[in-house]
Amino acid sequence: MSQLSDSVNAYDDYSALIFDLDGTLLDSMPAHYQAWQQTADEYGFEVDLDWYHSRAGSPTLLTAKVLVEKLGLDVEPKTLADRKNAIFNGMADMDVMVLPAAEIARHYHGKKPMAVGTGTLTEIAEKLLRKAGLLELFDVIVGADQVDNPKPAPDTFLKCASLMGAEKARCVVFEDAVFGIEAAKAAGMDVVDVTDRQHA
């Protein structure tokens, strides 16, 4: 695992690049937390910020399942997850700050195949990327709804590589979350932790 390089040419040796979305390309995590807070208010529970950050990279449905089990909530996880996604989707027109890793994507656009592998639903991910002016940079978008086993399982990144026609060992993943870093390692890919430079 390495840190995000100051040089945009640092990744020339890889055949394909894969980027996480929330916290890697876009600073959308605060909006996700806000959506969870509103959902929690509606269903009569609380979401602790530190606990939420510990779930970074986890798809909404998986987080909902953990919440239902942890808090003994009388609601189906899918119902909870669908409500959170609906709230967040309604917020997705807001301006979201583009993070430094996006400069890597801009640099390699048209030079190497690139994908986004995210725990966010594909439709919402595409909406956010389009709003940020980044969607056209990527050949493939793989959301949580496209895999049976989301991060920290390797499925998301393996599907990205497959759809790009790239060997997994020749891919590099850019991630900010523990779940995503574990997923990239499980996929047999090199991984760059973007957090130090982006949140310094």
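The values are calculated or read from the model by the stated rules, or taken from the named source; none is laboratory data. Computed from a predicted structure; not experimentally measured. Note that we place each Cβ from the backbone using ideal geometry, even for glycine, and neighbour counts take in every protein chain shown. All accessible areas refer to the heavy atoms of the entire protein, side chains included, with ligands and DNA or RNA removed. Shrake-Rupley method; radii C 1.70, N 1.55, O 1.52, S 1.80 Å.
Among the residues of the stretch 47-69, the ones that are modelled with pLDDT under 90 and of a type in the set (Asp, Glu) come to 2 in all. Among Lys70, Lys111, Lys78, which is the only one that is of a type outside the set (A, V, I, L, M, F, W, C) and either touching a Gly at 6+ places or on another chain (Cβ under 6 Å) or not in a helix (DSSP H, G or I) (or both)? It is Lys111. With respect to the conditions (1) open to solvent by 60 Å² or more (accessible area, probe 1.4 Å); (2) of a type outside the set (S, T, N, Q); (3) on the phi < 0 side of the Ramachandran plot, Gly110 falls short on a single one, namely (3).
Taking every residue in the stretch 69-98 that is under 16 Å from Gln38 (Cα atoms) and open to solvent by 60 Å² or more (accessible area, probe 1.4 Å) and pairing it with any residue that is modelled with pLDDT of 90 or more and among the β-branched types (Val, Ile, Thr), at least 6 positions away or on another chain, the pairs with Cβ-Cβ distances below 6 Å are Arg83/Thr39. Of all the criteria given as (1) open to solvent by 50 Å² or more (accessible area, probe 1.4 Å); (2) at pLDDT below 90; (3) in contact with a strand residue (DSSP E or B) (Cβ under 9 Å, 6 or more places away or on another chain); (4) over 19 Å from Ser2 (Cα atoms), the one not satisfied by Thr120 is (1).
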